[in-house]
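Each remark here refers to the structure printed beneath this line.
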């Protein structure tokens, strides 16, 4: 199975306060994020992490977190992630700035940043033959909604701090677009 998650921010103490995360400290947050991850992700699964895996943690400490997480992990680099070489050295199988993932007859553009209307999202999606974009970065700063037009937010705060299965996200995304009349022409 394929899963998605973003903005775990391991070793970022202030993220608890900034995003009103339900944890008292880093130890509690790390334990919950690891337990939640491993409760759904098996060893044979793949997880696309859409950026900001860690924050100011030493390479050794981040490696420790990586080794505790199930699955093959692919990083779509965020603004708090270190160089691709460093992220590969801590245990990511691959590191990209963007990627495209396909499920059934639908393709999604994966990236860390949310595209804004002024970015001409629909035109870009047409150009790369995608039906939507999946991102992180905004956390819960725009409310608890996963979907916003042609975008889906998989920041941990809006997906219950647990990786979300691509197939489930695709079904919900499709339903959202049908209910809101959002189709790429």
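Each listed q (0.15, 0.17 Å⁻¹) maps to a log10 I(q)/I(0) for the stretch 1-83 from the Debye sum over equal C-alpha point scatterers, namely -0.51, -0.66. Once both labels are positioned 7 Å from their Cα atoms along Cα-to-Cβ, the gap between residue 59 and residue 85 label points is 0.9 nm.
When the chain is treated as a GNM with alpha-carbon contacts under 10 Å, the residue of 128, 154, 40 showing the greatest mean-square fluctuation is 128.
Given axes a ≥ b ≥ c from the Cα gyration tensor, I'd like to know whether the stretch 44-100 is rounded (a/c under 1.5), prolate (a/b larger than b/c) or oblate. Oblate shape, in that a/c is at least 1.5 and b/c is the bigger or equal ratio. On a 0 to 90° scale, report how tilted helix 166-179 is relative to the longest principal axis of the chain, with both axes built from alpha carbons and the result rounded to the nearest 10. For helix 166-179, the angle is close to 40 degrees. If the segment from residue 34 to residue 94 were pulled out straight at 0.36 nm per residue, it would be longer than the present Cα-Cα gap by 19.6 nm.
Taking a ≥ b ≥ c as the square roots of the eigenvalues of the alpha carbon gyration tensor, the stretch 70-135 is oblate, as a/c is not under 1.5 and a/b does not beat b/c. Using all pairs of distinct alpha-carbon atoms, the Kirkwood hydrodynamic radius of the stretch 2-179 works out to 16.3 angstrom.
Exposure proxy for 24, 182, 75: other Cβ atoms within 10 Å of each Cβ, ordered fewest to most, give 24, 182, 75. If R₀ is 30 angstrom, what is the calculated FRET efficiency for the pair residue 103 and residue 141, using the beta carbon separation as r and rounding to 0.05? For residue 103 and residue 141, the calculated efficiency is 0.65. Taking label positions 7 Å along the Cα-Cβ direction at both residue 167 and residue 120, the computed distance is 3.8 nm, reported to one decimal. Working from Cα positions, state the angle (0 to 90°, nearest 10) between the long axis of helix 59-68 and the longest principal axis of the chain. Roughly 70 degrees between the two axes.
Throughout, read-outs are computed from the coordinates displayed, never taken from laboratory work. None of these values were measured; they are calculated from a predicted model. Note that we place each Cβ from the backbone using ideal geometry, even for glycine, and neighbour counts take in every protein chain shown.
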